[in-house]
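What follows is a short report on a single structure.
The values are calculated or read from the model by the stated rules, or taken from the named source; none is laboratory data. What you see is a predicted model, and the numbers here were worked out from it, not measured in a lab. In this analysis, Cβ positions are derived from the backbone assuming ideal geometry, glycine residues included, and neighbour counts consider all displayed protein chains. Protein only, heavy atoms only, side chains kept; ligands, DNA and RNA dropped before computing areas. Shrake-Rupley method; radii C 1.70, N 1.55, O 1.52, S 1.80 Å.
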Amino acid sequence: MPTHEAGALHAGIPAPAWLEVPADVNALFQPLWPRTAFKKDDAVLQVGGITVTDLAAQVGTPAYVVDETDFRARATEFKESFATAFADLAGARVHYASKALITVGIARWLVEDGLAVDVSSAGELEIVTRAGMPPDRITVHGSNKRDAYLERALATGVGRIVVDSLQEIDQVERIAAATSTVAPVQLRCSIGIEAHTHEFIATSHEDQKFGLSLADGQAMEGARRAAAAPHIEFLGIHSHIGSQIFDVEAFAQAIRRLVKFTALLDASLGGPLTELGLGGGFGVAYTTGHDPMPIPEIAQGMADLVARECQREKIGVPHVSVEPGRAIAGPAGITIYTVGVVKEVTIPGGGKRLYVSVDGGMSDNIRTALYGADYSATLASRRSAAPPRLARVVGVHCEAGDIVVEDEYLPADIAAGDILAVPVTGAYCHSMGSNYNQVPRPPIVAVRDGLANVLVRRETQADLLARDLYA
Ligand SMILES: Cc1ncc(COP(=O)(O)O)c(C=O)c1O
């Protein structure tokens, strides 16, 4: 029942166009929250069968909380959707993008659930191998791979290495030759499409560091070199066009260009390429303003297009891989914080903005400061009868840009000691975390069936000082 007949308190601050005044400021907008999350009587938030108040008592705040059921359900949905959609073609494999969020415990879920992974560093490779990921299910990325990383990848027997430069082709050939191995290789291509939320631009020359360009002939040169290298098995081309993509036309354009280039390579290299890597980038809802497409529909759309384009180019359909990170980890995770200082700030023009400070900030979620990302939040530890008030959630750091949630309606009586929960923080929050201001990083806690399982413990001041040789 709405409890704020007086209406929302804007205090002279304009809200962004996508942000609607909630009918009940206590209610969860369910699409943003992990599948097991709900508020009992619209009061205390529960996830994985545990209340956030119990979680806060057990592990403290701030804490990253991962709904294991939700994470594994999303991973499985990806795996099954792509397997089904590509069943009548040459098949498809889903590589979870470890960069979004990886721990040994999470990698074990992926092993058990039959997912493959991609890694972007020696550190990520170490985590997934420790979890027992079968090597042939690992794809190795990186735009500036060190010898030690490639040596480790080859010694592990990874399924594929995605080479990112002409220099790296020679590097892989040299290392494979020295160890008498044959490196399975895909070639990362930049295809003139850079896609972002809601819009994409197509340019003939991309001004960014990844891949070899189709437009300037470097991709063709790379393919020739890889195909001719005696210690390289050249499997196919790969492309990743961006992140948080909602526009299916961007994926469609990418498939058209990649299939066309594969056909050109098949003709000029004298043999069919058997694989096609389509990367990740599937968008998720961070706020009520986002509406992602269901995964089975995306998978089917991609399969239909790959089949049609291969038919048009008169080539055999390659085996396809995709690399979702955000779309699996993002919505499965939330961050819980404790509220501290709450203050009104008079802004230019005379309005008053409510600043709600929490005990974390840009060190546990850099995306707001880095990308201007939008998030939402809810009062998670009690029900409030106060009207919604437009607020900004900020952190503990010594930085004006230390913003966690730019704009959100929170109960006007939000106060120190309340627990605030921010949804969709499973991807690129812990993995991009820092120790700015010597703030120790929060733990990652998996929740399921009423049990909290600490995957990564909270960092301590002692951890930070351990690296300081004068401490
Ligand atoms: C090569 C590659 N694959 C997959 C991903 C994962 O993207 P997302 O988490 O948006 O699905 C990335 C992200 O940067 C990437 O660079």
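Some notes on this structure:
- Per-region count, region 283-303, residues assigned to a helix (DSSP H, G or I) and either touching a strand residue (DSSP E or B) at 6+ places or on another chain (Cβ under 8 Å) or within 16 Å of the ligand (Cβ to nearest atom) (or both): 5
- Residue within region 409-426 that is within 22 Å of the chain's Cα centre (by Cα), in the same structural domain as ASP364 (by TED's automatic domain parsing) and either part of a helix (DSSP H, G or I) or among the hydroxyl-bearing types (Ser, Thr, Tyr) (or both) present: yes
- Some residue of region 14-22 being in the same structural domain as LEU455 (by TED's automatic domain parsing), of a type in the set (Val, Ile, Thr) and open to solvent by 40 Å² or more (accessible area, probe 1.4 Å): no
- Of all residues in region 40-55, those satisfying the criterion of being touching a residue at least 40 places away in the same chain (Cβ under 8 Å) and crowded, with 19+ Cβ neighbours inside 10 Å are LEU45, VAL47, GLY48, ILE50, VAL52, LEU55.
- None of ILE201, ILE193 is within 16 Å of the ligand (Cβ to nearest atom) and either modelled with pLDDT under 90 or open to solvent by less than 20 Å² (accessible area, probe 1.4 Å) (or both) except ILE193.
- Comparison of GLY142, GLY157 shows that the only residue that is without any contact (Cβ under 8 Å) to a residue 60 or more places away in the chain, small (Gly, Ala, Ser), within 12 Å of the ligand (Cβ to nearest atom) and out of contact with any Gly (no Cβ under 8 Å at 6 or more places or on another chain) is GLY142.
- Residues located in region 230-246, provided they are more than 16 Å from the ligand (Cβ to nearest atom) and either in contact with a strand residue (DSSP E or B) (Cβ under 8 Å, 6 or more places away or on another chain) or assigned to a helix (DSSP H, G or I) (or both): HIS231, ILE232, GLU233, PHE234
- Within region 283-298, the residues that satisfy the criterion of being open to solvent by less than 10 Å² (accessible area, probe 1.4 Å) and within 19 Å of VAL21 (Cβ to Cβ) are TYR286, THR287.
- The residue list VAL342, VAL317, VAL396 contains one member that is without any contact (Cβ under 8 Å) to a residue 60 or more places away in the chain and open to solvent by 20 Å² or more (accessible area, probe 1.4 Å), which is VAL396.
- Considering region 247-282, the residues that are in a loop (DSSP other than H, G, I, E, B) and within 16 Å of the ligand (Cβ to nearest atom) include one that is surrounded by the fewest Cβ atoms within 10 Å (Cβ to Cβ), namely ASP247.
- Count of region 91-123 residues which are part of a helix (DSSP H, G or I), open to solvent by 10 Å² or more (accessible area, probe 1.4 Å) and more than 12 Å from the ligand (Cβ to nearest atom): 8
- Taken over region 425-460, the criterion of being polar (S, T, N, Q) and within 16 Å of the ligand (Cβ to nearest atom) is satisfied by THR425, SER431.
- Taking the criterion of being within 12 Å of SER357 (Cα to Cα) and of a type in the set (Gly, Ala, Ser), the residues of region 381-399 that qualify are ALA391, GLY395.
- Residues satisfying the stated conditions in region 320-355, i.e. more than 16 Å from the ligand (Cβ to nearest atom) and out of contact with any strand residue (DSSP E or B) (no Cβ under 7 Å at 6 or more places or on another chain): PRO348, GLY349, GLY350, GLY351
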